[in-house]
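Let me begin by presenting the structure, written as structure tokens, before commenting on it.
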Amino acid sequence: MRAPGFAVIALVLIGATLAVLVAVSGRERAAAPAVAVSAVPEAASVAGGGVTLTSTAVELPDDAAVFPDGPNVALVNQRCVACHSASMVLTQPKMKREQWQAIVEKMRDTYHAPVAEGEVAPIVGYLAGR
Ligand code: HEC
């Protein structure tokens, strides 16, 4: 009997490779294992390698998310809380109108706060009138 030719061997190898690829790709992807998230008990600690990590509870101060009511407050809330909290503004020392004007212009010119030309005055009015 004649030995099988090169073409036959090559075809068999290609066929076998395709069969393996189809079998592998057809397999269902294993679902990611569900991660159980449980509340960390107070003062839980983990030790290992000479290091002990202990969790602790911290009380964060209240941080005003929005500005308190006042004229043009909606505009101020739209323009002034994208980058920092309202508290960042509310906890500043008392300032005069020109100082607030300079701050609003700095926010717009330096940090690119989206404040249109006509919006500067109403925002300054709100801040200076607090
Ligand atoms: C595009 C981002 C952005 C927006 C929007 C923005 N700010 Fe700021 N603001 C900043 C950054 C950044 C700082 C911190 C500057 C620093 O630490 O010097 C800051 C700081 C401040 C401070 C602290 C004092 C100071 O001069 O640094 C005040 C007051 C303030 N912003 C007011 C406002 C008001 C009012 C508005 C709305 C008109 C506003 N910001 C909108 C980015 C922004």
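The values are calculated or read from the model by the stated rules, or taken from the named source; none is laboratory data. Please read these numbers as outputs of a predicted model, since none were measured by experiment. Backbone-built Cβ (ideal geometry, glycine too); neighbour counts: all protein chains shown.
When region 66-86 is filtered for residues that are part of a helix (DSSP H, G or I) and more than 10 Å from the ligand (Cβ to nearest atom), the ones remaining, listed by number, are Val73, Ala74. Within region 103-117, can one find any residue that is modelled with pLDDT of 95 or more, closer than 17 Å to Gly129 by Cα and surrounded by 13 or more Cβ atoms within 10 Å (Cβ to Cβ)? Taking every residue of region 103-117 in turn, at least one turns out to be modelled with pLDDT of 95 or more, closer than 17 Å to Gly129 by Cα and surrounded by 13 or more Cβ atoms within 10 Å (Cβ to Cβ).
Scanning region 87-102 for residues that are within 9 Å of the ligand (Cβ to nearest atom), farther than 13 Å from Arg130 by Cα and either over 24 Å from the mean Cα position of the chain (by Cα) or modelled with pLDDT of 95 or more (or both) gives a single hit, Ala102. Sub-9 Å Cβ pairs linking a first residue in region 43-64 that is within 30 Å of Val76 (Cα to Cα) to a second residue that is among the basic types (Lys, Arg) and at pLDDT below 90, at least 6 apart or interchain, number zero. Taken over region 93-102, the residue count meeting the criterion of being surrounded by 13 or more Cβ atoms within 10 Å (Cβ to Cβ) and assigned to a loop (DSSP other than H, G, I, E, B) is 1. Total residues in region 109-130 satisfying the condition of being within 7 Å of the ligand (Cβ to nearest atom) and more than 18 Å from Phe67 (Cα to Cα): the figure is 2.
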